[in-house]
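Asks: I am attaching a structure below and will ask some questions about it afterwards.
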Ligand code: HEC
């Protein structure tokens, strides 16, 4: 008689233990209860661009996309080069001047400009005198957020 009571109490104890340990293993993600071992919250499939990069995306599509892609060459080199090849302030300042007036820099005899021009089959990039530093910064933000 006493033995069966012990079994009953142990059994109820086990059921409670199982129930509460399952509750504890769940965490709240948003409004949903998720078991962290069973399911990971999904990564968003679409890259969320910053506001600056969104502005840059429009400028890129309207001005650069006919000759450039971000991650691979088209008529011109991949624009990921804007990030990887121009790391110092001096480099960046040079690149901003290049974007604003590449043909002018080639004809003025700037060595680095001539080097680039020769390396890419002497196809000229047009000038973009209307783009501000902020515009070019926006294009760079778009490039850095979408490059491989
Ligand atoms: C008509 C085609 C054309 C358009 C439009 C164009 N580019 Fe270019 N770009 C080139 C070519 C070609 C080169 C390689 C240098 C050369 O041949 O003069 C180049 C080179 C560059 C470089 C130097 C890359 C490196 O490897 O150092 C940068 C930066 C650049 N372009 C940015 C831009 C941006 C930003 C825009 C849009 C605002 C743009 N380009 C629009 C053709 C173009």
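Throughout, read-outs are computed from the coordinates displayed, never taken from laboratory work. This is a predicted model, so every value here is computed, not measured. With ideal geometry, Cβ positions are generated from the backbone for all residues, glycine too; neighbour counts draw on all protein chains shown.
Asks: Taking the number of other C-beta atoms within 10 Å as the exposure measure, put 123, 114, 2, 106 in order starting with the fewest.
Replies: Starting with the residue having the fewest Cβ neighbours, the order is 2, 123, 114, 106.
Asks: If neighbour count is taken as other Cβ atoms inside 10 Å, put 105, 122, 147 in order from fewest to most.
Replies: Final ranking by Cβ density, sparse to dense: 122, 147, 105.
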